[in-house]
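Some notes on the structure that comes next.
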Amino acid sequence: MENNLVIYNSLTRKKEVFTSIVPGHVGMYVCGPTVYGDPHLGHARPAITFDILFRYLEHLGYKVRYVRNITDVGHLEADSDDGEDKIEKKARLEKLEPMEVVQFYTDRYHDFMDKLNVKKPSIEPRASGHIIEQLQIVDRIMNEGYAYESDGSVYFDVVKYNEKYNYGELSGRVLEDLLNTTRELEGQTEKKNSVDFALWKKASPEHIMRWPSKYSDGFPGWHLECSAMSTKYLGEQFDIHGGGMDLLFPHHECEIAQSTVANGKKPVRYWMHNNMITINGQKMGKSLGNFITLEEFFTGSHKLLDRAYSPMTIRFFILQAHYRSTVDFSNEALQAAEKGYRRLMDGLKSIEKIKAGNASSFNVKEWHDKCYEAMNDDLNSPVLIAHLFEGVKHINNIVAGKESITADDLKLFRETMELFSFGILGLIEEETAGSDDKLSDVVNLLLNLRMEAKANKDWATADKIRNELQQLGFVIKDTKDGFEWELKQ
Ligand code: ZN
């Protein structure tokens, strides 16, 4: 078991060697979706990022308990303590029961995560199923004196917390600045300080999702669910907490404050955050008209898309960037990713047919170690993909007779290519519409024969293959690694 995993900890702002609290076991919590709309790219990125971490930790031999929640109550419109509940609003507009909205979009989320080959978490708890646990945390924070009741609602006293602890340790924000810049909005007069956040909100008469409590008939504040569910399933202290960078403040900062007071200890060892997605250089947003759902990507039914892109193209594209970098989506970039994905899959098919020789023309063990080094370096998937492409180059050269490999090396080479492409990056071979797949096998076969002919200086055969394929409408390009082709439509 190779285990030199280093991850960037958002809390210490440093790369750190990963060690688990309980040897051999990892507890990991990732903030899941608020299920009030169709899954989009913003859902795909954290799901895929923490999917490769989940896969890699398991590969390293850890038993991983991966908890990814479903937010189905308490997430208000403005991501703050005001506005309508996002799910309730959708239910009102569609004349549905809120739990119908939750069920519909949870099912949609699962369908699309399956398409993207994202592994299911070990536990997927819902906020609405953990109201008792959330109220227990409210009580504990009240007993510790860090919360106060105001007209049936309960607020966390951030100013008092900051006297003993450091509110802002994760986000780097400074309380004084926050106090100066946060305005008291209308209806916030219940709070002692503008920065205080709701643990429990009294429900207005028209509010549907409500539960009885000793404070009021109401509902939990959005941040509370993650403290309650992570504590319940992973304990008072656990290894990894992940989520999108947009959740770092206030959501995760508030979660630390709640759990620290309720449990008397820091909840999380390593905080990890994936960066955001932009579309043609712009932030993705409903108001900007560039909000593209996964369904629209897979069918090509959005005005910004030239055509459809398959789930594996999207997955490969996301993995081509490091999770802490932004990813910019454009048609050109997606088409390049599609080619890259195909090239890797073609290489994985060709490696099956390679025959071993007497000597190896490259150092397979060294290449294998570099693949691990890339993953160990804070999940550096773009560097790993570069190594896999180097592998494809060797495969094509061996097929063309320009390189060779021994039987032992071939075994390691094949296992490593397959492990990282399928097992760790989670790619799957996508059928390119039935007969097309057979067709591409045949074209690759011919072009590999042409490479062999060229290697043997049999120019007549090489030219004949190229010319006749071109007449059939194939565009063939010689590259330094071999060839690329496409069918002109
Ligand atoms: Zn959360």
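For (1) of a type in the set (Val, Ile, Thr); (2) crowded, with 20+ Cβ neighbours inside 10 Å, each residue gets a yes or a no:
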| position | (1), (2) |
| --- | --- |
| 354 | yes, no |
| 360 | no, yes |
| 363 | no, no |
| 416 | yes, yes |
| 420 | no, yes |
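Six or more apart or on different chains, Cβ atoms under 7 Å: show the pairs whose first residue is in segment 189-214 and under 18 Å from residue 168 (Cα atoms) and whose second is of a type in the set (S, T, N, Q) and assigned to a loop (DSSP other than H, G, I, E, B).
194/182; 194/188; 195/182
Taking into account only those residues within segment 457-478 that are in a helix (DSSP H, G or I) and of a type in the set (Gly, Ala, Ser), which is nearest to the chain's Cα centre (by Cα)?
462
What is the residue count in segment 351-379 for residues that are among the hydroxyl-bearing types (Ser, Thr, Tyr) and within 27 Å of residue 51 (Cα to Cα)?
1
Under the condition of being away from the ligand (no atom under 16 Å from the Cβ) and buried (at least 17 other Cβ atoms within 10 Å of the Cβ), which residue from segment 7-31 is nearest to residue 122 (Cα to Cα)?
26
Among 251, 207, which is the only one that is farther than 19 Å from residue 148 by Cα and either aromatic (Phe, Trp, Tyr) or within 13 Å of the ligand (Cβ to nearest atom) (or both)?
Result of the check over 251, 207: 251.
Under the condition of being buried (at least 24 other Cβ atoms within 10 Å of the Cβ) and away from the ligand (no atom under 12 Å from the Cβ), which residue from segment 268-280 is nearest to the chain's Cα centre (by Cα)?
Once the filter is applied, the top-ranked residue is 274.
Could you grab me the full set of residues in segment 32-48 that are of a type in the set (D, E, K, R) and away from the ligand (no atom under 16 Å from the Cβ)?
Selection gives 38 alone.
Out of the residues in segment 1-46 that are acidic (Asp, Glu) and in a loop (DSSP other than H, G, I, E, B), state the one that is nearest to residue 238 (Cα to Cα).
2
Quick check on segment 228-246: of everything there that is closer than 25 Å to residue 148 by Cα and surrounded by 21 or more Cβ atoms within 10 Å (Cβ to Cβ), which residue is farthest from the ligand (Cβ to nearest atom)? Lay out the reasoning, then the answer.
Within segment 228-246, the first condition is being closer than 25 Å to residue 148 by Cα, and the residues that meet it are 228-232, 236.
Still in the running and surrounded by 21 or more Cβ atoms within 10 Å (Cβ to Cβ): 228-231.
Numbers: 228: 10, 229: 9, 230: 8, 231: 13 Å.
Taking the candidates together, the pick is 231.
If you take the residues in segment 47-94 that are surrounded by 22 or more Cβ atoms within 10 Å (Cβ to Cβ) and of a type in the set (Lys, Arg), which one is farthest from residue 198 (Cα to Cα)?
Only one residue tops the list, namely 68.
Is one or more of the residues making up segment 216-227 at pLDDT 95 or above, part of a loop (DSSP other than H, G, I, E, B), within 13 Å of the ligand (Cβ to nearest atom) and touching a Cys at 6+ places or on another chain (Cβ under 6 Å)?
yes
Somewhere in segment 282-295, is a residue surrounded by 19 or more Cβ atoms within 10 Å (Cβ to Cβ), of a type in the set (Asp, Glu) and not in a loop (DSSP other than H, G, I, E, B)?
no
The values are calculated or read from the model by the stated rules, or taken from the named source; none is laboratory data. Just so you know, these numbers come straight off a predicted model, no measurement behind them. Note: ideal-geometry Cβ built from the backbone for every residue, glycine included; neighbour counts use all protein chains shown.
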